[in-house]
Amino acid sequence: MELQNTVKEALNALYHHPDDAVRMQADRWLQDFQRTIDAWQVSDNLLHDASSNQETLIFCSQTLRSKVQRDFEELPSEAFRPLRDSLNTLLKTFHKGPPKVRTQISLAVAALAVHVPADDWGDGGIINWLRDEMNSHPEFIPSFLELLRVLPEEEFNYKIAARPDRRRQFEKELASAIETALNILTACLNINELKEQVLEAFASWLRLRHRIPASTLSSHPLVLAALSSLNSEILSEASVNVISELIHYTAARNSGGVSSQFPLIQVIVPQVMSLKPQLRDPSKDEEDIKAIARLFADMGDAYVELIATGSDESMLIVHALLEVASHPEFDIASMTFNFWHNLQMILTERESYGAFGNETSIETEKTRRLQVFRSSYESLVSLVTFRVQYPQDYSDLSMEDQKDFKQTRYAVADVLIDAALVLGGEPTLKILYMKLVEAISHCGKDQNSDWCPAEAALYCIRAISDYVSDIEAEVMPQIMSLFPKLPHQPQLLQTVCLTIGAYSRWLNAASSGLSFLPALIDILVSGMSMCEDSAAAAALAFRHICNDCKKKLCGSLDGLFQIYQTAVIGVGPFKVSAEDSLHLVEALSMVITELPSEHAKKALEAVCLPSVAPLQEIINQGPQVLGQKTARELTVHFDRLANIFRYVNHPEAVADAIQRLWPIFKAIFDVRAWDMRTMESLCRACKNAVRTSKRLMGVTIGSMLEEIQGLYGQHHQPCFLYLSSEVIKIFGSDPSCANYLKVLIESLFSHTARLLTKIQDFTSRPDIADDCFLLASRCIRYCPQLFFPSTVFPSLVDCSMIGITVQHREASNSILNFLSDIFDLANSTLGESCLSIRDSVIIPRGPTITRILVACLTGALPSSRLETVTYALLALTRAYELKALEWAKECVSLIPSTAVTELERTRFLQALSDAASGANI
């Protein structure tokens, strides 16, 4: 009684106390209470107490439901019958409400049925028990109907902590009881006020997709009741749900194929098709139209393979779906988008035509089908283009509405791609070009004219750029010649810039492409000066053009440099952000790659200068000033240099540049090694230089390694590890670097092992763990002869065993992959000579490693990591065979029988045994 009163007081405080702190304290107490074993009895007592208020009833019903779902194993087996009887009494007590309480109790009974086998339930299982209860107590039928509705839904509820075998058994129990369930529902159809509830429960049972013969369903009273209410004045949501489920039911994989479902399809399709006139009926409200549209969309999705044959009957459905696609409300029109995509895949992919035998027959049939659907996809293109048009009040829309509008544009772009795949890029382009010409005729030269239709047409033209031939000569030249005539309105200019970038390959390949480049680059320069959004689009387009037309642009390097310097130095009218300026850096770097090496060195020097000069100036002011600068003042320059070293593919020129720049880099390493952001940016620049220059780095690489090795011991920056990782990849197999790298490896790993001595260290510095074990895996692949004999190998294995269960995904995966690489060493030609060293370290630790991996499989790591853990365990088993099986048997025997059945134990060990014997599992 005391605990019951405390629960009531806590609920009263939670809902009514004016002090936030008291409410939070009450909430915490109630959550803790729900986890206790006393929560069973207290919740049950309060639900049976007539004086409990609604807040108490709702809380206690939720508590009881969650206890049955999650904590059923807390109860002794003899507690089942009193619990079932109590819940049954509560169902009857609350048959007239509150509805929330009744639903929670229904869910609790359903969860109980998932846990308890039909034989233990008694009375022939829950469905027979339910039928008998309804016959004995007809006044409580509404409550029992709710239970009948939630039962099949709970089969898929993984909050219920039932074992997999029991869940599968429950599915079979429901399948065998489906006839009884439908008989109960049919009997309840006679009660008019329960019709809606009966149909909802029927839809719920259909979701199970258990086989009921189509001939039985086609004349079943429940199906006929749902179909008849489709034509009633008030369209019932429940009947729409039933028909929707029936449509999916006929197309389900286990339904025996469309031919066996034909009796039911022939009943459903004409009834749904008869609703088509209502799509344009102004007297229908939007919810009714949405429901009808959903049925057409469901039919399209379910019968798309039949529709793809292009028969006269299937084209009636296609025309209805075009009708839905033309609806002014996007939420309704977009219901069909999935259908157009799936239809496109069937029409265009060769696998769809396997039944037609030889290549000639396949091509003939494919051509016929594409021709049949041509006009439908042409109509679709015309129907969707207006949806991407900016609304007049766009700038006044909320952030959420603007985001929705962008999502709409992405969805329409996907539909246009589907159309281009069916019609071909050029025919789709022609339709869109006509829209553009029409829009431009209404668009004056000033910014205030109606630019929205022209922008929409251009957005659509950009969307299909990948499907238009690079040598298209009819429409593209006309589009390109229109660009300079368009007004410089910010959103329109942004889309113009993006469209220029999207067709950069065409500009390179088309015979007339070169003649357009000067005018288009002028437009991009205007875009960079207009506003931040248009500047971002222009910088991206500039990158695409320089990437695809780099050979054509080599002669225009001076003009490109001028644009680059204006944008990067930040003087003049340009509004290019630091992030977007990286596109310009990449653009110039790609053009420089096309220059002969003697010119490339000079060009590389020039392209680095806007970043190098400010850094040199800061260094010249002395270490104190350098130490006080914000990270951003330095990283903006290093990010640009990183991109230059990545995209200028002249190894010798980059090696020269890094040698010249090393004094600047070293000065910043020495003074700013404490600053993670600056170090990450600087290390990225060094890594890209190493990756591009490879072994031409010469003497600079030695200085670089010496620097980071010394600084890592003091500042433990993870980026020093990933820079070393790149060095190992390139120089690991070079015998002349062996001594250097051996010292580097031992220094970095011994420092890291001292940092990571307990799981809390891994949790607080997962980035160090991640980069350390990525580096270790690199060492196993590229220089095992240096790594395995080193003194750090055993301590790094011990370190990995401490950190495997870190909850940080990347760190945990890196550790698991490191162990897998050790176990897989025999597969590596370089590593064979190190097997005896590996075994001397792993075998003594084998039982513990196995135990940790099994713990990871059984809950120490989230299920998303199971695949990586499983691979590590299989690799260990393949490497150590019978020994590994012994280790596995020993630790699996420690799992209590309440947590794993003997059958599950045996299956698991058998799978490992198969792996040990070399089976591919």
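Using the Cβ-Cβ distance between Thr630 and Glu349 with R0 set to 60 Å, the FRET efficiency works out to roughly 0.65.
Remark: spin-label model distance Glu617-Thr309 equals 7.5 nm, labels positioned 7 Å along the Cα→Cβ axis. For the chain, the residue among Thr850, Phe330, Gly97 whose Cα projects farthest onto the positive side of the dipole built from Cβ charges is Thr850. Is the shape of region 141-180 best called rounded, prolate or oblate, per the rule: a/c under 1.5 gives rounded, else a/b larger than b/c gives prolate, else oblate, with a ≥ b ≥ c the square roots of the Cα gyration tensor eigenvalues? Oblate is the answer for region 141-180, as a/c is 1.5 or above yet b/c matches or exceeds a/b. Classified by the C-alpha gyration tensor, region 689-844 has an oblate form. Its axis ratio a/c, with a ≥ b ≥ c, is 1.5 or above, and a/b does not exceed b/c. Take every pair of alpha-carbon atoms less than 8 Å apart whose residues are at least six positions apart; their mean separation over the length of region 524-676 yields a relative contact order of 24 percent.
Comparing Leu174, Leu46, Ser465 along the charge dipole axis of the chain, the residue lying farthest to the positive side is Ser465, per the Cβ-charge model.
With the highest mean first, a sort of the peptides 774-783, 374-383, 521-530 on other beta-carbon atoms found within 10 angstrom per residue produces 774-783, 521-530, 374-383.
Relative contact order of the chain, please, whole-number percent, based on alpha carbon pairs below 8 angstrom and at least 6 residues apart.
4 percent
When the Cα positions of Cys554, Ser274, Phe731 are compared along the charge dipole of the chain, Phe731 comes out farthest toward the positive end, with charges on each C-beta of Lys, Arg, Asp and Glu. Using a probe of 1.4 angstrom and keeping all protein chains present, the accessible surface of the chain works out to 44 square angstrom per residue. Within the shell of other residues whose beta carbon sits under 11 angstrom from the beta carbon of Pro490, the net charge comes to -2, with Lys and Arg scored +1 and Asp and Glu -1. Charge dipole of region 796-921 (Cα centre as origin; +1 on each Lys and Arg Cβ, -1 on each Asp and Glu Cβ, all else neutral): 220 debye, rounded to the nearest 20.
For the peptides 392-399, 362-369, the ranking by mean Cβ contacts within 10 Å, running from highest to lowest, is 362-369, 392-399. Straight Cα distances below 17 angstrom link Lys435 to the aspartates and glutamates Glu378, Glu426, Asp450, Glu455, Glu474, with same-chain residues fewer than 8 positions distant left out.
Rounded to the nearest 20, the Cβ-based charge dipole of the chain about its Cα centre (Lys and Arg +1, Asp and Glu -1) stands at 2260 debye.
Summary value for region 750-810: 53 percent relative contact order, contacts being C-alpha pairs under 8 angstrom separated by 6+ residues. Exposure check, 1.4 Å probe, all protein chains in place: Ser736 carries approximately 100 Å² of accessible surface.
The listed residues Trp121, Trp451, Trp29 rank as Trp29, Trp451, Trp121 when sorted by accessible area, largest first, using a 1.4 Å probe.
Taking the average, over residues, of other Cβ atoms within 10 Å as the packing measure, peptides 639-648, 828-837, 788-797, 724-733 rank 639-648, 724-733, 788-797, 828-837 from highest down. Once both labels are positioned 7 Å from their Cα atoms along Cα-to-Cβ, the gap between Val22 and Leu909 label points is 6.0 nm.
If you take all other residues with their beta carbon under 11 Å from the beta carbon of Ala419, and give Lys and Arg +1 and Asp and Glu -1, the sum is -2. Here the accessible area is traced with a 1.4 Å probe on the protein chains. For the chain, carbon and sulfur cover 52 percent of it.
The values are calculated or read from the model by the stated rules, or taken from the named source; none is laboratory data. Computed from a predicted model, the values in this text were never measured in an experiment. In this analysis, Cβ positions are derived from the backbone assuming ideal geometry, glycine residues included, and neighbour counts consider all displayed protein chains. SASA here: full protein model, heavy atoms, side chains in, ligands and nucleic acids out. Shrake-Rupley method; radii C 1.70, N 1.55, O 1.52, S 1.80 Å.
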